[in-house]
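Engineer: Structure in structure tokens, see below.
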Protein chains: 4
Amino acid sequence: MGTFIGHISPGLAFLSFGILYAFKFSLMVLRGQKMQLVSPARPPGLRACLKRIPAEGVMKILYGTLAVAAEFFYPPGVYKLTLYNRERADYPFIHPNEWQHATMYSYFALSGWVDIISQACLPRRVVLVESIAIALAFYIEALLLYSHMHGKERVENSVHSLLLLACFLVCLILTAEIWRPNDHVLWFAKTCLVMTQGTWLLHAAFILYRPFTGRPWKGDDMVNLMFVTSFFCWHVALNMILLLAIFSLTGLWHSRCSGRDAGPAFQGAKPTFSLLLERVHGAGLPSQYAKLQAEEEETQLLQECDF
Amino acid sequence: MGTFIGHISPGLAFLSFGILYAFKFSLMVLRGQKMQLVSPARPPGLRACLKRIPAEGVMKILYGTLAVAAEFFYPPGVYKLTLYNRERADYPFIHPNEWQHATMYSYFALSGWVDIISQACLPRRVVLVESIAIALAFYIEALLLYSHMHGKERVENSVHSLLLLACFLVCLILTAEIWRPNDHVLWFAKTCLVMTQGTWLLHAAFILYRPFTGRPWKGDDMVNLMFVTSFFCWHVALNMILLLAIFSLTGLWHSRCSGRDAGPAFQGAKPTFSLLLERVHGAGLPSQYAKLQAEEEETQLLQECDF
Amino acid sequence: MGTFIGHISPGLAFLSFGILYAFKFSLMVLRGQKMQLVSPARPPGLRACLKRIPAEGVMKILYGTLAVAAEFFYPPGVYKLTLYNRERADYPFIHPNEWQHATMYSYFALSGWVDIISQACLPRRVVLVESIAIALAFYIEALLLYSHMHGKERVENSVHSLLLLACFLVCLILTAEIWRPNDHVLWFAKTCLVMTQGTWLLHAAFILYRPFTGRPWKGDDMVNLMFVTSFFCWHVALNMILLLAIFSLTGLWHSRCSGRDAGPAFQGAKPTFSLLLERVHGAGLPSQYAKLQAEEEETQLLQECDF
Amino acid sequence: MGTFIGHISPGLAFLSFGILYAFKFSLMVLRGQKMQLVSPARPPGLRACLKRIPAEGVMKILYGTLAVAAEFFYPPGVYKLTLYNRERADYPFIHPNEWQHATMYSYFALSGWVDIISQACLPRRVVLVESIAIALAFYIEALLLYSHMHGKERVENSVHSLLLLACFLVCLILTAEIWRPNDHVLWFAKTCLVMTQGTWLLHAAFILYRPFTGRPWKGDDMVNLMFVTSFFCWHVALNMILLLAIFSLTGLWHSRCSGRDAGPAFQGAKPTFSLLLERVHGAGLPSQYAKLQAEEEETQLLQECDF
């Protein structure tokens, strides 16, 4: 839907995923967890299976299916689920935007189904297939965004090409994650870019359909195009700050809960914080460094925990 | 041949290769086989040599040579094997499309010859040279597709640029395979993309030469261009499902044949399936993971095989 | 500021950073130092913290903040810190160049703050976050330079696209450094490219605003565009020579200071020089080479130090 | 020099380098040699130094210097070593092509000087710096070729963009070689591409300045552009065959010389050939394979050498 609500809703969806990722990966870093590529065998049975259904997968399916339905049947009374116009003699294709959007959303819903099947139904989780499914969803999004841009106004193109940039970087990161599933830098870069896609779509909805001045942005004005890029850069900074805030919050919460309840919160937070820093480092580095530094780190941590 | 049959025939060729790859790599994954980079010494002699001739190589040569012949001598009576028109004073080049197609097909035939020489004739197989030959064939295809696109209608360009995208991704994967010949993700990505090239060429033949409405697609209509991209995205999904189906079929067949005939098929399939999942994982990961998980896996597999 | 001084000042800033890097990395190579990814615990307290403040970080903040201020308030009396013109009915955006430049400079200043917080305030240094901050600053610079170029004259575009090329290569190198922080080739490539950006901005200021002939370069003249590229190539060579000179100077100074004061300078320099060569090699190579060559190197060095 | 001879001479230079590389790398592969990254200490003294001067370096300097001289002073009597026209009031730049070509050739000559200094004069060879110098020369060539193409006819552009493609791939390979100096695939890919650049420049000279029909190719004719690409593809195949021939010749010569003179040439060649195949494989693979296969290879080789 090339409408205000058609940009707001995917924006909120991406933003909520970004924030979910931010909490999830922060916790995984703080707890020193890794993606388990070959998970242990799981209890069989329907009930155990239902318990294991991941929130992320359900969200993807819910958002995706609702969005596809909205494309074709929203506002109520509309029915756009036709590929071509039967009334005209040459059967021209109709609703190209709706079908492109529906294709995009379906791939995200598909990725949700793969998540649920892999994490809940199969005897073992197959992280690899989940990674491929979500990477594919973003690749398809990038391809459709690219073909989406032909023949539109320059401001709209500019807005969409910046979205495409963020989307394409997510694709690259997700591809790298297939082979390096436990790299912390990739985790947080992905999170930040997904959040940026979300906030940028929200902003784009206002730029394209509800400009604050009440008048649409003039597309042929160089000044406007330059400001679109500037705004995008501010979004990146904003989302990095948001990510940092979520990470710090999770860090504080984690330090409270993880059994260091003896001292007051502030004192307890300090060694946790440096532990945290090390864990941030942990996975971005080749293994040889990890080995070399393992010994001296131990000594330092012991010293530090003493005061 | 810029004709209906000229798009159908390479489409079928790519599709048949894709399906062949799907079965081949599924079996290799299920059996835990690897590309043997330095194969054992083989018995010499013409008969042993003839026995070792690979079906893939013969198919490449057959398809390639037939296609080259068809370019120049099809339909019967036609003779296009001339580079320039001798009758005109300035000797202009003629049949540019035919020569480009013939160049493409020749490289695939060449790759077939390299396969046969390497796998059957030489004292040892040289996987590296085979990989380079097939990668080169796809690079040449990409280069010629790119130069093919100038000065054509927009719908035709759109169709060909999506084909070029799939072809270029195959190039990248084949280049990566030169250094990582046993990466399962690369195997299946390649397979899926080759199948997509095949089905897309089949679809392209209908779009360009036999539109279902009976009238050619209008090239200047944005709606048509947007639907071309949507259709391509559906092809990707379709081929992934086809690939999954072939993999599952092979898995079932393999579990029947591999000596677990004691119980009924469904029961026997279960542990095989989880074994299978692990093998899917096997090669996409750096070696350190493999080592760390080797021990716990063993325990789990023992537990699992008990019930 | 699209003015003479607006190109000279960032040029000088980049050049000074490049020269600082040249000295810093030369010394690190000569001393065989590495980026310590997990630094030892540091003494707490405000005084110790202030002592650790890095010159680089202060320079980034100073340059960045001054440049942002200059964009909005220079020359004195000017006030450009407004996003849109309140006087006109449609509230058009104003000062697009100033806001883009300010965004760029802010990211560099931000990177400076991250440096200071990481190196001085935190209980341990977090090299990873510093690397990400500076990489991000260059990515934002590249993005804004790219959007900067629309709708300008061809000579200006040509000059800026070469700057963009250097900037983009720095981005790639900084991204690679996140995972390979101790690669000597990356260190010096980065240094040379930052220096090139600096000298090229200085030259660009003269080309665009103070041409030596007194007349502006004609943008539609192919000859001018070709010379712009030639000049850029000369800058690369020039900066490589400058880098080599700084490295040699540092090498001489280091060989004097490092306790080999027994013989005259020239004699002492010789074995140091070959040590130096090895250290240049040291980090560009995979670890297996290092191990294989460790033994024979020792023997050779002993032999060499004897004469 | 945008002339016939100006394309023939660099073509011959590239071709001669390609053939030199083909022999050099074939021999290195057959002898199982590696680039010694830290070479042993060498005897000092002017005479030993002069003995070590490499032919490749001398060729680069000779070709480069002669080409620069030819740009400015050929044909005799011409003097083009002026940057701008002093006679006109606005001092316009002149001879843009000459200065661009001279810049290109100077970088190759520079790379030659670096080779000689590194291999002959320094106490130890610094392979890393040599690799960087030659990579830089090709990067500069690519950049200048790119800027060279603006505002020319389509046929000329097409020819040059294919040259640029080959040049850019050489850049990528040389960059990869900085970190993987002993990868056999990279060696031969580089060799083949340099040879292709050479033969393509020779062909380009005829296309652009001495067409066989006696009339210049029409630039606006799509047919011509399509044939340019086809011809390039044939050059690639041609040069791969040439490379294979050189490799086989070197293999035969090597098998004669390497002490297996007992039997007749054909018999002796067989085990050498399979040894050769293994060495072709040797360096393209990650080290773990090498280790795994080391044992079985030994057994096989013993068996093979017996018959």
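The values are calculated or read from the model by the stated rules, or taken from the named source; none is laboratory data. This is a predicted model, so every value here is computed, not measured. Note that we place each Cβ from the backbone using ideal geometry, even for glycine, and neighbour counts take in every protein chain shown. Surface areas here come from the heavy atoms of the whole protein model, side chains and all, with no ligands, DNA or RNA. Shrake-Rupley method; radii C 1.70, N 1.55, O 1.52, S 1.80 Å.
Engineer: Within region D:88-107, which residues are farther than 30 Å from residue D:49 by Cβ, touching a Leu at 6+ places or on another chain (Cβ under 7 Å) and either more than 9 Å from chain C (Cβ to nearest Cβ) or not hydrophobic (A, V, I, L, M, F, W, C) (or both)?
Structural biologist: Once the filter is applied, which keeps residues that are farther than 30 Å from residue D:49 by Cβ, touching a Leu at 6+ places or on another chain (Cβ under 7 Å) and either more than 9 Å from chain C (Cβ to nearest Cβ) or not hydrophobic (A, V, I, L, M, F, W, C) (or both), region D:88-107 yields only D:100.
Engineer: Output the number of residues of region C:151-174 satisfying the condition of being touching a Ser or Thr at 6+ places or on another chain (Cβ under 9 Å) and open to solvent by 20 Å² or more (accessible area, probe 1.4 Å).
Structural biologist: Result for region C:151-174: 1.
Engineer: Next question, about the same structure. Here are some conditions: (1) without any contact (Cβ under 8 Å) to a residue 12 or more places away in the chain; (2) out of contact with any Lys or Arg (no Cβ under 7 Å at 6 or more places or on another chain). Residue A:65 meets all but one. Which one does it not meet?
Structural biologist: Among (1) without any contact (Cβ under 8 Å) to a residue 12 or more places away in the chain; (2) out of contact with any Lys or Arg (no Cβ under 7 Å at 6 or more places or on another chain), residue A:65 violates only (1).
Engineer: Please tell me if residue C:195 is in contact (Cβ under 8 Å) with a residue 24 or more places away in the chain and open to solvent by 60 Å² or more (accessible area, probe 1.4 Å).
Structural biologist: Details: in contact (Cβ under 8 Å) with a residue 24 or more places away in the chain: yes; open to solvent by 60 Å² or more (accessible area, probe 1.4 Å): no.
No: the conditions fail for residue C:195.
Engineer: When you go through B:199, B:213 one by one, which is the residue that is of a type outside the set (Gly, Ala, Ser) and closer than 24 Å to residue B:143 by Cα? Break it down stepwise before answering.
Structural biologist: Numbers: B:213 fails: closer than 24 Å to residue B:143 by Cα.
Selected residue: B:199, the only one of B:199, B:213 that is of a type outside the set (Gly, Ala, Ser) and closer than 24 Å to residue B:143 by Cα.
Engineer: Restricting attention to region A:226-235, which residues are in contact (Cβ under 8 Å) with a residue 24 or more places away in the chain, surrounded by 21 or more Cβ atoms within 10 Å (Cβ to Cβ) and under 24 Å from residue A:187 (Cβ atoms)?
Structural biologist: If the condition is that a residue be in contact (Cβ under 8 Å) with a residue 24 or more places away in the chain, surrounded by 21 or more Cβ atoms within 10 Å (Cβ to Cβ) and under 24 Å from residue A:187 (Cβ atoms), then A:232 is the only one that fits.
Engineer: Report yes if residue A:86 is closer than 30 Å to residue B:221 by Cβ and among the basic types (Lys, Arg), otherwise no. Spell out the reasoning first.
Structural biologist: Values: closer than 30 Å to residue B:221 by Cβ: yes; among the basic types (Lys, Arg): yes.
It is true that residue A:86 is closer than 30 Å to residue B:221 by Cβ and among the basic types (Lys, Arg).
Engineer: Scan region D:198-218 residue by residue and report those that are open to solvent by 20 Å² or more (accessible area, probe 1.4 Å) and not hydroxyl-bearing (Ser, Thr, Tyr).
Structural biologist: Matches in region D:198-218: D:202, D:203, D:206, D:208, D:210, D:211, D:212, D:214, D:215, D:216, D:217, D:218.
Engineer: What tally of residues in region A:205-233 results from selecting those that are at the interface with chain C (Cβ under 7 Å from one of its Cβ atoms), hydroxyl-bearing (Ser, Thr, Tyr) and either more than 21 Å from residue A:3 (Cβ to Cβ) or touching a helix residue (DSSP H, G or I) at 6+ places or on another chain (Cβ under 6 Å) (or both)? Talk me through it step by step, then tell me what you get.
Structural biologist: Kept after step one, since they are at the interface with chain C (Cβ under 7 Å from one of its Cβ atoms), are these residues of region A:205-233: A:213, A:215, A:222-227, A:229-230, A:233.
In the following step, the residues that additionally are hydroxyl-bearing (Ser, Thr, Tyr) were identified as A:213, A:229-230.
With either more than 21 Å from residue A:3 (Cβ to Cβ) or touching a helix residue (DSSP H, G or I) at 6+ places or on another chain (Cβ under 6 Å) (or both) added as a condition, the list becomes A:229-230.
Residues in region A:205-233 being at the interface with chain C (Cβ under 7 Å from one of its Cβ atoms), hydroxyl-bearing (Ser, Thr, Tyr) and either more than 21 Å from residue A:3 (Cβ to Cβ) or touching a helix residue (DSSP H, G or I) at 6+ places or on another chain (Cβ under 6 Å) (or both): 2 in total.
Engineer: While we're looking at this one, here's another question. Could you figure out which of (1) touching a residue at least 24 places away in the same chain (Cβ under 8 Å); (2) within 14 Å of chain C (Cβ to nearest Cβ) isn't true of residue D:19?
Structural biologist: Among (1) touching a residue at least 24 places away in the same chain (Cβ under 8 Å); (2) within 14 Å of chain C (Cβ to nearest Cβ), residue D:19 violates only (2).
Engineer: A further question on this structure: If you take the residues in region B:70-114 that are in contact (Cβ under 8 Å) with a residue 60 or more places away in the chain and charged (D, E, K, R), which one is least open to solvent (accessible area, probe 1.4 Å)?
Structural biologist: B:71
Engineer: Report yes if residue B:223 is in a helix (DSSP H, G or I) and free of Cβ contacts under 8 Å to residues at least 40 places away in the same chain, otherwise no. Lay out the reasoning, then the answer.
Structural biologist: Values: in a helix (DSSP H, G or I): yes; free of Cβ contacts under 8 Å to residues at least 40 places away in the same chain: yes.
Yes.
Engineer: Could you say whether any residue in region D:61-84 is aliphatic (A, V, I, L, M) and over 30 Å from the mean Cα position of the chain (by Cα)?
Structural biologist: Of region D:61-84, the ones aliphatic (A, V, I, L, M) are D:61-62, D:66-70, D:78, D:81, D:83.
Remaining after also requiring over 30 Å from the mean Cα position of the chain (by Cα): D:78, D:83.
Scanning region D:61-84, I find at least one residue that is aliphatic (A, V, I, L, M) and over 30 Å from the mean Cα position of the chain (by Cα), so the answer is yes.
Engineer: Of the conditions (1) away from every other protein chain (no Cβ under 14 Å); (2) touching a His at 6+ places or on another chain (Cβ under 7 Å), residue C:80 satisfies every one except a single condition; which number is it?
Structural biologist: (1)
Engineer: Answer yes or no as to whether residue D:118 is small (Gly, Ala, Ser), more than 7 Å from every other protein chain (Cβ to nearest Cβ), part of a helix (DSSP H, G or I) and in contact with a strand residue (DSSP E or B) (Cβ under 8 Å, 6 or more places away or on another chain).
Structural biologist: Numbers: small (Gly, Ala, Ser): yes; more than 7 Å from every other protein chain (Cβ to nearest Cβ): yes; part of a helix (DSSP H, G or I): yes; in contact with a strand residue (DSSP E or B) (Cβ under 8 Å, 6 or more places away or on another chain): yes.
For residue D:118, the condition - small (Gly, Ala, Ser), more than 7 Å from every other protein chain (Cβ to nearest Cβ), part of a helix (DSSP H, G or I) and in contact with a strand residue (DSSP E or B) (Cβ under 8 Å, 6 or more places away or on another chain) - is met.
Engineer: Looking at region D:115-135, which of its residues are open to solvent by less than 30 Å² (accessible area, probe 1.4 Å), out of contact with any Lys or Arg (no Cβ under 6 Å at 6 or more places or on another chain) and among the aliphatic types (A, V, I, L, M)?
Structural biologist: Taking region D:115-135 as the starting set, the residues that turn out to be open to solvent by less than 30 Å² (accessible area, probe 1.4 Å) are D:115-116, D:118, D:120, D:124, D:126-128, D:130-131, D:133-135.
Those left that are additionally out of contact with any Lys or Arg (no Cβ under 6 Å at 6 or more places or on another chain): D:115-116, D:124, D:126-128, D:130-131, D:133-135.
Those that are open to solvent by less than 30 Å² (accessible area, probe 1.4 Å), out of contact with any Lys or Arg (no Cβ under 6 Å at 6 or more places or on another chain) and among the aliphatic types (A, V, I, L, M): D:116, D:126, D:127, D:128, D:133, D:134, D:135.
Engineer: Just checking, which of D:174, D:162 is in contact with a helix residue (DSSP H, G or I) (Cβ under 9 Å, 6 or more places away or on another chain), more than 9 Å from every other protein chain (Cβ to nearest Cβ) and on the phi < 0 side of the Ramachandran plot?
Structural biologist: Details: D:162 fails: more than 9 Å from every other protein chain (Cβ to nearest Cβ).
Going through D:174, D:162 in turn, just one is in contact with a helix residue (DSSP H, G or I) (Cβ under 9 Å, 6 or more places away or on another chain), more than 9 Å from every other protein chain (Cβ to nearest Cβ) and on the phi < 0 side of the Ramachandran plot: D:174.
Let's see how each residue does on (1) in a helix (DSSP H, G or I); (2) facing another protein chain (nearest Cβ under 9 Å):
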{"residue": "B:64", "(1), (2)": "yes, no"}
{"residue": "B:69", "(1), (2)": "yes, no"}
{"residue": "B:86", "(1), (2)": "no, no"}
{"residue": "B:109", "(1), (2)": "yes, no"}
{"residue": "B:130", "(1), (2)": "yes, no"}
{"residue": "B:138", "(1), (2)": "yes, no"}
{"residue": "B:143", "(1), (2)": "yes, yes"}
{"residue": "B:146", "(1), (2)": "yes, yes"}
{"residue": "B:155", "(1), (2)": "yes, no"}
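Engineer: Quick check on region A:136-144. Is at least one of its residues within 30 Å of residue A:44 (Cβ to Cβ), surrounded by 19 or more Cβ atoms within 10 Å (Cβ to Cβ) and in the same structural domain as residue A:191 (by TED's automatic domain parsing)? If you could, list the steps in order and put the result at the bottom.
Structural biologist: The initial filter retains those residues of region A:136-144 that are within 30 Å of residue A:44 (Cβ to Cβ), namely A:136-137.
Filter once more, keeping what is surrounded by 19 or more Cβ atoms within 10 Å (Cβ to Cβ): A:136-137.
Pick out the ones that are also in the same structural domain as residue A:191 (by TED's automatic domain parsing) and you get A:136-137.
Yes: one or more hits.
Engineer: Can you go through A:67, A:13, A:22, A:48 and tell me which one is in contact with a Pro (Cβ under 8 Å, 6 or more places away or on another chain) and open to solvent by less than 30 Å² (accessible area, probe 1.4 Å)?
Structural biologist: Details: A:13 fails: in contact with a Pro (Cβ under 8 Å, 6 or more places away or on another chain); A:22 fails: in contact with a Pro (Cβ under 8 Å, 6 or more places away or on another chain); A:48 fails: in contact with a Pro (Cβ under 8 Å, 6 or more places away or on another chain).
Only one candidate qualifies: A:67.
Engineer: Might you check whether a residue that is in the same structural domain as residue C:210 (by TED's automatic domain parsing) and not in a helix (DSSP H, G or I) occurs anywhere in region C:17-32? Before the answer, list the steps.
Structural biologist: Within region C:17-32, the subset in the same structural domain as residue C:210 (by TED's automatic domain parsing) is C:17-32.
When the remaining residues are screened for being not in a helix (DSSP H, G or I), the result is C:31-32.
Yes, that holds for at least one residue.
Engineer: Among B:277, B:242, which is the only one that is under 19 Å from residue B:191 (Cα atoms), at pLDDT 50 or above, surrounded by 14 or more Cβ atoms within 10 Å (Cβ to Cβ) and away from chain A (no Cβ under 13 Å)?
Structural biologist: On the way: B:277 fails: away from chain A (no Cβ under 13 Å).
The unique qualifying residue is B:242.
Engineer: Looking at (1) assigned to a loop (DSSP other than H, G, I, E, B); (2) under 30 Å from residue D:240 (Cα atoms); (3) of a type outside the set (Gly, Ala, Ser), find the lone condition where residue D:81 falls short.
Structural biologist: Unmet for residue D:81, out of (1) assigned to a loop (DSSP other than H, G, I, E, B); (2) under 30 Å from residue D:240 (Cα atoms); (3) of a type outside the set (Gly, Ala, Ser): (2).
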